[in-house]
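The block underneath contains the structure these notes are about, expressed in structure tokens.
The values are calculated or read from the model by the stated rules, or taken from the named source; none is laboratory data. Since the model is a prediction, treat every value here as computed from it, not as a measurement. In this analysis, Cβ positions are derived from the backbone assuming ideal geometry, glycine residues included, and neighbour counts consider all displayed protein chains. Side chains included, ligands, DNA and RNA excluded: accessible areas come from the protein's heavy atoms. Shrake-Rupley method; radii C 1.70, N 1.55, O 1.52, S 1.80 Å.
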Amino acid sequence: MINLLRMDFYRLLKGKMLMIGICIMVAMIAFMTGMAVFVESEAAAQLIADGTLTVTTQNTSSSDVTDSNSSQTAITGSDQIKYMNASFFAGGSTSIVLCILATLFIVTEFECGFAKNVFSIRFNRGAYFASKVIVVFVLTIALMLFSIALSLLGATICGFDLVASPFSEWVQWFCLGTLVLFAYELILIAMVLITRNKVIAIIAAVLLSFGIIGNFLTMLITQLMPGSEIYKGILFTSFMAVGNGETGIEALGLTVILTVGLAYALVFGIAGFIALKKRDVY
Amino acid sequence: MNIVETHMLSKRYGAKAAVTAFNMQVHSGDIYGFVGRNGAGKSTVMKMLSGLATPTSGEIKLFNKSIRHASGEQKLGILIENPGLYPSMSAYDNLMLKCLCAGTVNPKKTTNQLLDFVGLANVDKKQSKHFSMGMKQRLGLALALVGDPQLLLLDEPLNGLDPEGVREIRQLIIKLNEEHGLTVIISSHVLEQLGKMANRYGIIRDGQMVCEITAEEVTAQCSEYLHLETNDANKALVIMQEKFPNLKCIAMPQNAIRIQGFANAALIGEAMSHAGIAVSALYTHNRDIEDFFVEKMGGN
Ligand SMILES: Nc1ncnc2c1ncn2[C@@H]1O[C@H](COP(=O)(O)OP(=O)(O)OP(=O)(O)O)[C@@H](O)[C@H]1O
Ligand SMILES: [Mg+2]
């Protein structure tokens, strides 16, 4: 399995896929940060017009001021995790890039036929599956950290005065975020291993990571079964909750997010593994 | 020793049986020509041998071990249907990936050696999608050679090569077989090309093994009859019946006689001249090898 991992990481680092993904993330985060600057100046102008804020104010009272306004608008004084969510998580760059990257990474191996070279020297496909899951997991953590660093760097450069989130809150948010994204990726891996079709896989990745399927399901449930709790079982609900930071996580409940995330990861992990075991490689 | 052995191997795709009760034996050191018409099941057999496709039923033994319980790295190199290259990566990177996968001790060195061996040493950073068909086949062969395989499964490896390329690759295959002791199973539609390499053949028809046969047996089976032309066919026939009652003689037009059975041309010639018959032609007629195969493969 070490050999398979070495092969996968070599391809990840030598190929263009990861570089392109990172460039897209940098561009999207830069764009989000730019938007934040714009929103911030608008909000400030609004506050000045209301007479609730003087231009030079950079003290404790500013947080009170922002709280009294819609939480979306003012950035200065908001905490780090809240800022993260506004700019990249719910904003989507990390999840979109990760989902598409993971999908492409695995589907190309089948699409171009290189998988034949791999399976013909290792008849045991368990190790293959494990190595792919590990690569995707490592990729998720690496890109999460990367976008956090980049977002906070952007905030610092633009002079947003963010309140540091406590470390424990960071850890919880990071773990839940990783879990939910990882579950998404396992759904897509299963899709790839079942269909072995690049076009279908990419469409699935886009529909999932842009939240199109999630929104559709949520709408369906609220329309057909108003008041039902089923929506909690959708991975998208957990995704949005984590995307809303501490408040979102509290509202949905930590256990719900953990259960849903793990359940999806497990079910689709097993489905993908069975498909890999059973299906012939051409 | 048998390197490959299959027993009642079958593969169904839905209702369609691609391979049925297929028995194959490839000996160590063989260059085994695997022939059959389009859709006969050659690729399907090769995919099952290399663990890519799961048999519906039957048994496969590689190196005397059932592949059901295979674990670890297989000493197997394949080039089946297409070389399976990452299109946006160079020949070097494609080979590096396979070397890493196979756990090759010195991947960079091996990669460079293999590029050299198949004649792709100077393609540099060119992406494999810009390769010619022949270059892709060469890289495919190099990929198959990663990990020091003892058995090569090559499905139509000469496809898309120009005559010179065909010759080079054929020589590479022979070299691998003779100098490195690799056993090779090679399928091709072009029987003439196989004829220059193979020492044994397996003929598959509608998913079943028609026969396994050595190259010598093919030659023997194809040397069909003696052709005798004399100035007096009737007298010659009488002499033949007298002296060689076991041989079957058929009178042909233009004073020719076709002699079937294990005939000794020298003795017949002697008998004719002894009887004062002038022989204008006496030769072994070889049946076209291609005809022989086409007939076995179920052609028309
Ligand atoms: N994935 C598949 N699904 C359904 N049928 C298949 C599949 N692969 C092969 N077959 C069928 O199995 C039979 C054998 O195909 P196979 O590719 O093994 O033939 P082949 O001898 O390699 O032919 P060719 O010389 O054209 O390469 C064919 O009838 C083919 O239609
Ligand atoms: Mg074929």
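Between B:Leu79, B:Leu52, which is in contact with a Pro (Cβ under 8 Å, 6 or more places away or on another chain) and either open to solvent by less than 20 Å² (accessible area, probe 1.4 Å) or among the β-branched types (Val, Ile, Thr) (or both)?
B:Leu79 is the lone residue from the list that is in contact with a Pro (Cβ under 8 Å, 6 or more places away or on another chain) and either open to solvent by less than 20 Å² (accessible area, probe 1.4 Å) or among the β-branched types (Val, Ile, Thr) (or both).
Do we have any residue at all in region B:211-228 that's under 30 Å from B:Lys11 (Cβ atoms), away from chain A (no Cβ under 14 Å) and within 16 Å of ligand 1 (Cβ to nearest atom)?
no
Going by the structure shown, is B:Glu59 under 29 Å from B:Glu192 (Cβ atoms) and more than 10 Å from chain A (Cβ to nearest Cβ)?
Numbers: under 29 Å from B:Glu192 (Cβ atoms): no; more than 10 Å from chain A (Cβ to nearest Cβ): yes.
So B:Glu59 fails the test.
Please go through (1) within 14 Å of chain B (Cβ to nearest Cβ); (2) surrounded by fewer than 19 Cβ atoms within 10 Å (Cβ to Cβ) for A:Val281 and return the number of the only condition it doesn't satisfy.
The failed condition is (2).
From the list B:Val35, B:Val45, which residue is over 14 Å from B:Leu62 (Cα atoms), within 11 Å of ligand 1 (Cβ to nearest atom) and crowded, with 24+ Cβ neighbours inside 10 Å?
Going through B:Val35, B:Val45 in turn, the sole match is B:Val35.
In this structure, is B:Ala53 within 14 Å of another protein chain (Cβ to nearest Cβ), in a strand (DSSP E or B) and within 14 Å of ligand 2 (Cβ to nearest atom)?
Details: within 14 Å of another protein chain (Cβ to nearest Cβ): yes; in a strand (DSSP E or B): no; within 14 Å of ligand 2 (Cβ to nearest atom): yes.
Considered against the rule, which asks whether it is within 14 Å of another protein chain (Cβ to nearest Cβ), in a strand (DSSP E or B) and within 14 Å of ligand 2 (Cβ to nearest atom), B:Ala53 comes out as no.
Return the total of residues in region B:66-102 being within 20 Å of B:Ser43 (Cα to Cα), in contact with a strand residue (DSSP E or B) (Cβ under 6 Å, 6 or more places away or on another chain) and within 7 Å of chain A (Cβ to nearest Cβ).
Of the residues in region B:66-102, 4 are within 20 Å of B:Ser43 (Cα to Cα), in contact with a strand residue (DSSP E or B) (Cβ under 6 Å, 6 or more places away or on another chain) and within 7 Å of chain A (Cβ to nearest Cβ).
Quick one: which residue in A:Phe210, A:Phe239 is surrounded by fewer than 20 Cβ atoms within 10 Å (Cβ to Cβ) and under 30 Å from A:Phe105 (Cβ atoms)?
So the residue among A:Phe210, A:Phe239 that is surrounded by fewer than 20 Cβ atoms within 10 Å (Cβ to Cβ) and under 30 Å from A:Phe105 (Cβ atoms) is A:Phe210.
Kindly evaluate B:Ile173 against the criterion of being open to solvent by less than 80 Å² (accessible area, probe 1.4 Å) and either among the aromatic types (Phe, Trp, Tyr) or out of contact with any strand residue (DSSP E or B) (no Cβ under 8 Å at 6 or more places or on another chain) (or both). Break it down into steps so the answer makes sense when it comes.
Numbers: open to solvent by less than 80 Å² (accessible area, probe 1.4 Å): yes; either among the aromatic types (Phe, Trp, Tyr) or out of contact with any strand residue (DSSP E or B) (no Cβ under 8 Å at 6 or more places or on another chain) (or both): no.
No: the conditions fail for B:Ile173.
Given the residues B:Asn122, B:Asn177, B:Asn112, B:Asn159, which is the only one that is part of a helix (DSSP H, G or I) and touching a helix residue (DSSP H, G or I) at 6+ places or on another chain (Cβ under 9 Å)? Outline the logic, then answer.
Values: B:Asn122 fails: part of a helix (DSSP H, G or I); B:Asn177 fails: touching a helix residue (DSSP H, G or I) at 6+ places or on another chain (Cβ under 9 Å); B:Asn159 fails: part of a helix (DSSP H, G or I).
Answer to the check: B:Asn112.
So the check is Cβ under 8 Å with 6+ separation or different chains; which pairs have a first residue in region B:165-188 that's within 14 Å of chain A (Cβ to nearest Cβ) and a second one that's of a type outside the set (A, V, I, L, M, F, W, C) and within 16 Å of ligand 1 (Cβ to nearest atom)?
Pairs found: B:Ile185/B:Tyr32.
Output the number of the condition that A:Leu193 fails; it satisfies all remaining conditions of (1) more than 30 Å from B:Ser128 (Cα to Cα); (2) in contact with a helix residue (DSSP H, G or I) (Cβ under 9 Å, 6 or more places away or on another chain); (3) in a helix (DSSP H, G or I).
(1)
Please identify the pairs in which a residue from region B:32-48 that is among the aliphatic types (A, V, I, L, M) has its Cβ atom under 7 Å from the Cβ atom of a residue that is at pLDDT 90 or above and within 9 Å of ligand 2 (Cβ to nearest atom), counting only partners at least 6 apart or on another chain.
B:Val35/B:Ser187; B:Met46/B:Ile80; B:Met46/B:Asp155
I'm told B:Arg200 meets every condition in (1) on the phi > 0 side of the Ramachandran plot; (2) under 12 Å from the mean Cα position of the chain (by Cα) except one. Can you identify the failing condition by its number?
Status for B:Arg200: all satisfied but (1).
Looking at B:Asp148, B:Asp162, B:Asp124, B:Asp116 in this structure, which one is more than 16 Å from ligand 1 (Cβ to nearest atom), within 20 Å of A:Phe119 (Cα to Cα), of a type in the set (D, E, K, R) and open to solvent by 20 Å² or more (accessible area, probe 1.4 Å)?
Exactly one of B:Asp148, B:Asp162, B:Asp124, B:Asp116 is more than 16 Å from ligand 1 (Cβ to nearest atom), within 20 Å of A:Phe119 (Cα to Cα), of a type in the set (D, E, K, R) and open to solvent by 20 Å² or more (accessible area, probe 1.4 Å), namely B:Asp148.
Condition first: assigned to a helix (DSSP H, G or I) and open to solvent by 60 Å² or more (accessible area, probe 1.4 Å). Now tell me which residues in region A:213-225 satisfy that.
Residues satisfying the conditions are A:Ile213, A:Asn215, A:Phe216, A:Leu217, A:Met219, A:Leu220, A:Thr222, A:Gln223, A:Leu224.
Residues of region A:250-266 being in a helix (DSSP H, G or I) and out of contact with any helix residue (DSSP H, G or I) (no Cβ under 6 Å at 6 or more places or on another chain), which ones?
A:Glu250, A:Ala251, A:Leu254, A:Thr255, A:Leu258, A:Thr259, A:Leu262, A:Ala263, A:Leu266
Quick check on region B:57-67. Is at least one of its residues open to solvent by less than 60 Å² (accessible area, probe 1.4 Å), without any contact (Cβ under 8 Å) to a residue 24 or more places away in the chain and aliphatic (A, V, I, L, M)?
yes
Do you know which of the residues in region B:127-139 that are open to solvent by less than 20 Å² (accessible area, probe 1.4 Å) and more than 10 Å from chain A (Cβ to nearest Cβ) is nearest to the chain's Cα centre (by Cα)?
B:Gln137
Can you give me the number of residues within region B:1-14 that are at pLDDT 90 or above and within 11 Å of ligand 1 (Cβ to nearest atom)?
3
Could you say whether any residue in region B:78-95 is touching an Asp or Glu at 6+ places or on another chain (Cβ under 6 Å) and within 16 Å of ligand 2 (Cβ to nearest atom)? Break it down into steps so the answer makes sense when it comes.
Just the residues of region B:78-95 that are touching an Asp or Glu at 6+ places or on another chain (Cβ under 6 Å), to begin with: B:80-81.
Next, only the ones that are within 16 Å of ligand 2 (Cβ to nearest atom) stay: B:80-81.
Scanning region B:78-95 turns up at least one residue that is touching an Asp or Glu at 6+ places or on another chain (Cβ under 6 Å) and within 16 Å of ligand 2 (Cβ to nearest atom).
Restricting the first residue to region A:191-204 and requiring it to be open to solvent by 60 Å² or more (accessible area, probe 1.4 Å), which pairs with a second residue that is at pLDDT below 90 and not hydrophobic (A, V, I, L, M, F, W, C) meet a Cβ separation below 8 Å and a spacing of at least six or different chains?
Close Cβ pairs satisfying both conditions: A:Ile194/A:Arg279.
Check A:Phe160 against each of (1) crowded, with 19+ Cβ neighbours inside 10 Å; (2) assigned to a helix (DSSP H, G or I) and name the one condition it does not meet.
With (1) crowded, with 19+ Cβ neighbours inside 10 Å; (2) assigned to a helix (DSSP H, G or I) applied to A:Phe160, the lone miss is (2).
Identify, from the list B:Ser28, B:Ser43, the residue that is touching a strand residue (DSSP E or B) at 6+ places or on another chain (Cβ under 7 Å), hydroxyl-bearing (Ser, Thr, Tyr) and within 16 Å of ligand 2 (Cβ to nearest atom).
Result: B:Ser43 is the single residue among B:Ser28, B:Ser43 that is touching a strand residue (DSSP E or B) at 6+ places or on another chain (Cβ under 7 Å), hydroxyl-bearing (Ser, Thr, Tyr) and within 16 Å of ligand 2 (Cβ to nearest atom).
Just a yes or no: is a residue in region A:50-72 crowded, with 21+ Cβ neighbours inside 10 Å and either modelled with pLDDT under 85 or within 30 Å of B:Ser90 (Cβ to Cβ) (or both)?
Scanning region A:50-72, I find no residue that is crowded, with 21+ Cβ neighbours inside 10 Å and either modelled with pLDDT under 85 or within 30 Å of B:Ser90 (Cβ to Cβ) (or both), so the answer is no.
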